[in-house]
Structures are given as structure tokens and as C-alpha cells.
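Data block below; observations after.
The values are calculated or read from the model by the stated rules, or taken from the named source; none is laboratory data. Since the structure is predicted, the reported quantities are computational estimates derived from the model, not experimental observations. Here Cβ is always computed from backbone atoms with ideal geometry, including for glycine, and neighbour counts include all displayed protein chains. The protein model used for the area step is the full one, side chains on, heavy atoms only, and it has no ligands, DNA or RNA in it. Shrake-Rupley method; radii C 1.70, N 1.55, O 1.52, S 1.80 Å.
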Amino acid sequence: MATIRRDIGAGHHFIFDDSLVSQPNEDMFTPHFWHLENKVTGQAKGRGTTIFIEHEHQHWVLRHYIRGGLVGKLLSDQYVFLGVERSRPFEEFRLLAHMRDKGLRVPAPVAARIHRRGVIYRGDLITQTIPNSHDLHRMLCEKPLNESDWQNVGKALAEMHNCQVYHHDANIRNIMMDDKRDIWLIDFDRCHFRSGDKWKKENLARLLRSLHKEKAKNPVFHWQIEQWQSCIDGYNAVSNTAV
Ligand SMILES: Nc1ncnc2c1ncn2[C@@H]1O[C@H](COP(=O)(O)OP(=O)(O)O)[C@@H](O)[C@H]1O
Ligand SMILES: [Mg+2]
């Protein structure tokens, strides 16, 4: 595989894995196109619209970058342009490619694009679908994870931290488990490399807060605080730095 960047003029910039896509175009980043082709297999309700696509035996997830919070209400999908490589889709694509090279279980990046108009841009990212997986929010609403599952969650986070990657949104909707019970991390928008170790503990605390929050919110939620220790044990087993 090779990562190729293509700047085709009129503010259009693409980045893609040439073993998965031969020629990126506007259409492949447009949900409407995939709907017309009858290739949409599902969608996820997150901040924005994430659709699942089946195309020539490939399974892809297409996400449009959407802002959350107050700014999002005004500029829902527009970002200030600071350079192609500093755009969110390009940064997430390159970060995923890097972590894949390091052997982490994160989705393979397929293609990303931005469309710049003056000082703003809009962007989209396509990744490979993690086969037969569900996010932990959905799993925990159905049944509990066992001790070794929780250790594996901790291990996955430690492997990410060992690469000095900080997860901006470390919550259970961004952690997936497949049918082999392998743990995967997703949603690396705004994630980046960070030096040092002090932030790692805080990054784990963010996940713990999300578990407490979901437990309070969902009538049935199969998680107890006692299980947190397994996660920490798994983390410490592979981490460069104990927390
Ligand atoms: N590569 C993937 N494979 C399988 N499911 C995914 C993948 N990426 C996202 N999902 C599902 O879609 C949901 C939303 O996607 P995500 O990338 O987290 O976007 P956001 O949180 O910004 O809406 C996730 O919680 C997960 O359930
Ligand atoms: Mg998410």
C-alpha cells in the first residue's frame, strides 16, 4: 500500500490508500451518491451522519466532520483552513495509518478529502468497517464484559498511549469489540501525538467518567466500579508507565 495525496484544484484535496481506492472522487464522499447506488447498509447516530457502505466487496464507514457544542450550531461543518495537512480529515487519516503500522487495532483509513473555500473547509473520512463489531456502549446495555475483556480494553489503551497518542474522546462509544472479543479503538478526530506521560492518567479517567455517566443514564447497564481495576491491570501490564 501507498498513501497518496492528490490536490486537484478548485480547493479539492484527497488522501487515500492506493491499494483500496484507485481514483478518489467527490461522489464517494457523498451519502446521497451511495444511497442512489443502493450501497448503504446502515447508519450510526453520532454527532453527525456516519453511514456504512458495501462497495465491490469492501465494507466502509463514511463520516462527515461535524462540530459539536455551541460553535457547531453556527458553523455546523465548517472549519478554519490552516493548511491541508492540518485539516482534521488529513490528520486523522495519517494518525490511523501510523497506528496501523505500529500494529494497533484501529480502522484502516481508506480515503479522506477536504474541500476548501477561502478560509474555511469541509471534510470527510472513509475507513474500513471493523467486521462483526459493536461499540461497548451497545454491548454493556446487553450484557457484562468479563474480566479478561476489561483487561483487553486496558491493554488497547496502553498500546495507544505507548505510541504517544492521546484520545480526545475516550468514551465507550469509541471502543469496539468484535466477535473474537478483540478490542478496537475508533474515532480519532482531534487526537494527536503528545510527549510525556502525565496526560495518560487523565485520558483513562475520561473513560471512567464516561462509564459512570452511562451507568447513571441507562436503566440497564452491565458495569460495576469493581471492574475498573481489571482495566487498569490490563493497562499496567503493557504500558510503558504505570498509572
Ligand atoms: N470503522 C468502524 N467499524 C464499525 N463501526 C464503526 C466504525 N466507525 C464508527 N463505527 C460506529 O459508528 C459510531 C459513530 O462513529 P464515530 O466515528 O465514533 O463518529 P462520531 O462519534 O463522531 O459520531 C461508533 O460509535 C460505532 O458504533
Ligand atoms: Mg464516536
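Here are a few things to note about the model shown:
- Here the chain exposes an accessible surface that is 51 percent carbon and sulfur, computed with a 1.4 Å probe and the other protein chains kept in place.
- By accessible area with a 1.4 Å probe, ligands and nucleic acids excluded, highest first: order of His57, His35: His57, His35
- Length released on extending from Glu226 to Ser195, taking residue separation times 0.36 nm less the Cα-Cα span: 8.1 nm
- Among beta bridges from DSSP that stay inside the chain, the antiparallel ones total about 100%.
- Relative contact order of the stretch 59-178, pairs being alpha-carbon contacts under 8 Å that are 6 or more residues apart, as %: 27 percent
- By the compact-protein rule of thumb, 2.2 N^0.38 Å, the alpha-carbon radius of gyration of the chain corresponds to a ratio of 1.03.
- Max mean-square fluctuation residue, GNM over the chain, Cα-Cα springs under 10 Å, options Glu147, Glu92, Glu226: Glu226
- Legend: residue pairs Lys45/Lys217; Lys180/Lys213; Lys155/Lys180; Lys155/Lys200; Lys143/Lys200, Cα-Cα distance threshold 19 Å; pairs beyond threshold, Lys180/Lys213; Lys143/Lys200.
- The string of couplings for the stretch 122-129 from the Karplus curve (6.51, -1.76, 1.60, θ = phi - 60°) is 10, x, 8, 9, 10, 10, 7, 5 Hz, one whole number per residue in order, with x for Gly and Pro.
- Taking Glu56, Glu26, Glu142 and ordering them by how much accessible surface each has at a 1.4 Å probe, largest first, produces Glu56, Glu142, Glu26.
- Label-point separation, Ala10 to Val238 (7 Å along Cα→Cβ), nm: 4.5 nm
- Heavy-atom accessible area, probed at 1.4 angstrom with all protein chains present, ranks Ser22, Ser148 as Ser22, Ser148, highest first.
- Volume per residue of the convex hull around the Cα atoms, evaluated for the stretch 133-238, comes out as 92 Å³.
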